[in-house]
1. What residues qualify as long-range amide H neighbours of GLU122, i.e. H under 5 Å apart, gap of 5 or more or another chain, H built at 1.01 Å from N?
2. Taking 10 °C and 1.306 mPa s as the conditions, I'd like the Stokes-Einstein D for the chain in µm²/s, using the Kirkwood hydrodynamic radius from alpha carbon pairs.
3. May I ask you to order 90-100, 8-18, 143-153 by the average number of other C-beta atoms within 10 Å around their residues, highest value first?
4. Treat every Asp and Glu Cβ in the chain as -1 and every Lys and Arg Cβ as +1, leave all other atoms uncharged, and give the resulting dipole magnitude about the Cα centre to the nearest 20 debye.
5. Per residue Cα convex hull volume for the range 109-167, in cubic angstrom?
6. Enumerate the lysines that LYS115 could reach by cross-link, defined here as Cα to Cα under 16 Å, with residues fewer than 8 away along the same chain left out.
7. For the range 1-159, which whole percent of the accessible surface, found with a 1.4 angstrom probe, sits on carbon and sulfur atoms?
8. Treating cross-link reach as a plain straight distance, find the aspartates and glutamates whose alpha-carbon is under 20 Å from the alpha-carbon of LYS163, omitting any fewer than eight places away in the same chain.
Amino acid sequence: MNSIFYTVITLLLLTAGILLLMREFNKSSEAQNAHSPTPSERMSKEEGEDHFSVLMNAITPVWYWRVNHEYIDFLHATIKRMNMVEINSIPDLFDAQRRCSDLNSAVYKYYDNIKKRCLNGEKVSHSDLEVLNLRQCFREFSLEAYPSLVVLVWPEYERPIVKPQEV
């Protein structure tokens with residue numbers, strides 16, 4: 001009975017010792033990381049422009065600007081030529097157009113904000129919140145909102161399902 005008791009006490013002491021050593025090791029590595037902060041990289045205006053171009057080329061889907069120009073042409077050819085009776089006769093047209101307009105505006109807002117940040121010398125990463133929001137707007141506008149708007153006005157021109165991997 002005594003040997004079991006001493007074995008349990010010894011194991012508990014060894015475990016406590018190991019946990020204490022691990023804790024001290026983690027404190028020392030955290031202290032080293034705290035004393036060597038990574039300097040924030042400031043870029044010149046030219047480097048910022050280059051970084052912005054590389055970032056936008058990396059995150060913008062290849063089809064986005066084509067869809068954006070198609071949307072603008074679609075507006076001029078259809079909705080801007082409709083009178084209020086025609087607009088009101090198509091259910092959900094106003095909401096679909098508002099969604100497209102909001103997403104299109106958001107794309108330009110995020111684009112401008114990211115560009116300003118890059119030109120001010122900030123190195124914006126791919127995981128930045130504005131970059132992630134911009135990517136979401138790209139996809140939502142071109143894959144959901146705009147195609148659903150076209151279907152409302154021209155149901156016969158409903159787009160087939162497009163898989164971005166196949167573009």
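1. The list, which skips near neighbours in sequence, is MET43.
2. The calculation lands on 76 µm²/s.
3. 143-153, 90-100, 8-18
4. 300 debye
5. 103 Å³
6. Cross-link targets: LYS45, LYS123.
7. Carbon with sulfur: 57 percent of the solvent-accessible area.
8. GLU70, GLU140, GLU144
The values are calculated or read from the model by the stated rules, or taken from the named source; none is laboratory data. Just so it is clear, the structure is predicted and the values come from calculations on it, not from any experiment. All Cβ positions, even for glycine, are placed from backbone atoms using ideal geometry, and neighbour counts span all protein chains on display. To get the accessible areas, we keep the full protein, side chains included, count just its heavy atoms, and leave off ligands, DNA and RNA. Shrake-Rupley method; radii C 1.70, N 1.55, O 1.52, S 1.80 Å.
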